[in-house]
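Engineer: The structure's right below; bear with me while I get my questions together.
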Amino acid sequence: MSSDPSSATPEELGDFTTTTRVVPLTLLAAAIGVLAAFVARALLAAIAFFTNLFFFQRFSIQSVSPSEHHLGYAVVLVPVVGALIIGLMARYGSEKIRGHGIPEAIEAILLRGSRVQARVALLKPLSSAISIGSGGPFGAEGPIIMTGGAFGSLVAQFFELSSAERKTLLVAGAAAGMSATFDSPLAASFLAVELLLFEWKPRSMIPVSVAAVVAASVRPYLLGTGPLFPIAPTVSATPHPTWALVFACAACGIAAGVMSGLLTKGVYFFEDAFLKLPIHWMWWPAIGGLAIGIGGIFEPRALGVGYETIESLLRGELIGRALLLLMIVKSSIWMISLGSGTSGGVLAPLLIMGASLGGLEAHVLPNMGPGFWPLVSMAAILGGTMRSPFTGIVFALEVTHAWGLIVPLLLAVPMAHAFTVLALKRSILTEKVSRRGFHLSREYETDPLEILFVREVMSIEPDVVARAAAAFDEAGDKPAVAYANEPLRVAVYRMAQTGMTRLPVINGDPRAIVGEITLEDMLKARVRHLEEEQRRERIRHLPAVIPQRFLPRPLRGKPQ
């Protein structure tokens, strides 16, 4: 098949436009998957190093929780120092290290031709390691997604590739980084589709999936095996889908949706508040760091990435006031510090806040065993806040291996997603892009130009055909034409390439002009699409089977 859709004949058209170029791209993606796994390992080691340095004053890459520190009230100063370093790095290194990584990856894809600067690939993980290592309540996934994507983009820049192909390798690096960090290749692939690729095509999905799988295959040699957050076997067994459980999962999802909305609003409330400060933005993270330090005094488990806290929540070890305090402190310091423009991810904090909410809900919802409702709620929070429901479902299953919970998750997560879609215009990830003056649509659908053909909208009046034939004869040896049996998308691509706004239409015989198509004719496809979206009609009437007197007035048919 031709690699150029505008030059394809009707006989060459197929279900997909993917060509053999996907093969070398996939090989490059596999190499990026290996690289991303080592980058993920390096980032986690750096987080552990700075955690040991800031909280225990020792040089070590042994994983340790900042909640075990013995600094007393002096712990307030630790996040402030880390934030001051990040502010300096952002001002004099690269401002693009600010934020939680994923919006920056989206911006690079949409606005900068999937080009990422080399210094961002180095400064982003370093700043995130300092931020999290000094107690920042963030996760490693946002930075590793941005860093993996940066390395994927850098590799792509050494080859002669199109912007779309660079995007594929950038996203392959991002997915590979997430896959290696959490041992979640499927969730990483879903995240790529739901959040980063902005398309559903084999040309991008194949390399991205291969990169994620390769990274997951390398992970055991670097980070070990097994579920990241083990859960009790009795909880992970398939629950009997009673009506009580169905309604409880729906309620859990809606509650998670409400919390997702509050968290999103809270982050940007504090971001707006910081914008009003009469000081340079370089100092804002230090103010956020002060909030982190104060919160750490009240609840040390709110500090750092908190993987051990997630494990405790899923084992049901935290109850009552401890759960409430953790949720309030974690959400507060996370919203304030993220609003200050520091560096760190959103996924792990969302898991902690969602699991805390689920632990509280377990007191009133049906008893399904310790860890059941924290797991369902944390998946719902993730799907609702990031507007990536399939990622939320699959991620929760991959990091716990609780495959029997797919039915509860398949209800709770879409309910949270539904609430945030209806209540908020944008997600926590796309709001930042919007605030920079760009609109981002997260809906995928078949373009009407794909399913309508030239023959359905072309003009066939005799005078139009005669004019098109005359223009065809004057154009020379190989004039641009449209084929009656090709989709409108192909014809409009050809117009874009040639700069022509009208094309003669041929059908079989290259000299037999059967019509003409213009840009105005293309609008007919859009009109049909609008009618399908907006025109409402009742095909069948209930009075055919139920007497009208038993029906509410809006459902009664017209008088015969």
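Engineer: Taking into account only those residues within the range 112-127 that are modelled with pLDDT under 85 and either of a type in the set (S, T, N, Q) or outside the structural domain of Arg91 (by TED's automatic domain parsing) (or both), which is nearest to Gln57 (Cα to Cα)?
Structural biologist: My answer is Gln117.
Engineer: Looking at the range 239-250, which of its residues are over 19 Å from Pro370 (Cβ atoms) and surrounded by 13 or more Cβ atoms within 10 Å (Cβ to Cβ)?
Structural biologist: Matches in the range 239-250: Val246, Phe247, Ala250.
Engineer: What are the pairs with Cβ atoms under 7 angstrom where one residue, in the range 279-291, is assigned to a helix (DSSP H, G or I) and the other, located anywhere, is of a type in the set (Phe, Trp, Tyr) and at pLDDT 90 or above? Sequence gap at least six, or different chains.
Structural biologist: Trp284/Phe274
Engineer: Also, I was wondering about something else. Kindly evaluate Ile310 against the criterion of being modelled with pLDDT of 90 or more, β-branched (Val, Ile, Thr) and not in a helix (DSSP H, G or I).
Structural biologist: Taking the combined requirement at face value, the residue does not satisfy it.
Engineer: Of the residues Ser63, Ser67, which is in a loop (DSSP other than H, G, I, E, B) and assigned by TED's automatic domain parsing to the domain that holds Val208?
Structural biologist: Within the list Ser63, Ser67, the selection yields Ser63.
Engineer: Also, I was wondering about something else. Let me confirm something: among Ala140, Ala156, Ala150, which residue is closer than 21 Å to Thr19 by Cβ, surrounded by 24 or more Cβ atoms within 10 Å (Cβ to Cβ) and either over 15 Å from the mean Cα position of the chain (by Cα) or at pLDDT below 80 (or both)?
Structural biologist: Ala156
Engineer: For the structure I just gave you, tell me whether Thr181 is under 18 Å from Leu351 (Cβ atoms), touching a residue at least 12 places away in the same chain (Cβ under 8 Å) and buried (at least 24 other Cβ atoms within 10 Å of the Cβ). Talk me through it step by step, then tell me what you get.
Structural biologist: Values: under 18 Å from Leu351 (Cβ atoms): yes; touching a residue at least 12 places away in the same chain (Cβ under 8 Å): yes; buried (at least 24 other Cβ atoms within 10 Å of the Cβ): yes.
In short, yes.
Engineer: Restricting to the range 371-416, name every residue that is farther than 14 Å from Ala187 by Cα, of a type in the set (Gly, Ala, Ser) and under 15 Å from the mean Cα position of the chain (by Cα).
Structural biologist: Ala380, Gly384
Table: residues versus (1) part of a helix (DSSP H, G or I); (2) aliphatic (A, V, I, L, M); (3) touching a residue at least 40 places away in the same chain (Cβ under 8 Å).
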| position | (1), (2), (3) |
| --- | --- |
| Ala174 | yes, yes, yes |
| Leu186 | yes, yes, yes |
| Glu194 | yes, no, yes |
| Val214 | yes, yes, yes |
| Tyr221 | yes, no, no |
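Engineer: Hey, among Leu422, Leu429, which residue is assigned by TED's automatic domain parsing to the domain that holds Cys249, of a type in the set (A, V, I, L, M) and exposed (fewer than 12 other Cβ atoms within 10 Å of the Cβ)? Quick ask: steps written out before the conclusion?
Structural biologist: Values: Leu429 fails: exposed (fewer than 12 other Cβ atoms within 10 Å of the Cβ).
After ruling out the rest, the residue left standing is Leu422.
Engineer: For the range 337-374, what are the residues that are out of contact with any helix residue (DSSP H, G or I) (no Cβ under 6 Å at 6 or more places or on another chain) and of a type outside the set (Val, Ile, Thr)?
Structural biologist: Within the range 337-374, Ala348, His363, Asn367, Met368, Pro370 meet the criteria.
Engineer: To continue, here is another question. When the residues of the range 383-392 are filtered to those that are crowded, with 24+ Cβ neighbours inside 10 Å and part of a helix (DSSP H, G or I), which remaining residue is modelled with the lowest pLDDT?
Structural biologist: Residue satisfying both the conditions and the ranking: Met386.
Engineer: Could I ask something else about it? How many of the residues making up the range 243-300 are of a type outside the set (D, E, K, R) and more than 20 Å from Gly339 (Cα to Cα)?
Structural biologist: Qualifying residue count, the range 243-300: 18.
Engineer: Next question. Check Gly173, Gly142 and return the single one that is closer than 19 Å to Thr385 by Cβ and not polar (S, T, N, Q).
Structural biologist: Gly142
The values are calculated or read from the model by the stated rules, or taken from the named source; none is laboratory data. These figures come from a predicted structure and were not determined experimentally. Cβ atoms come from the backbone with ideal geometry, glycine included; neighbour counts cover every protein chain shown.
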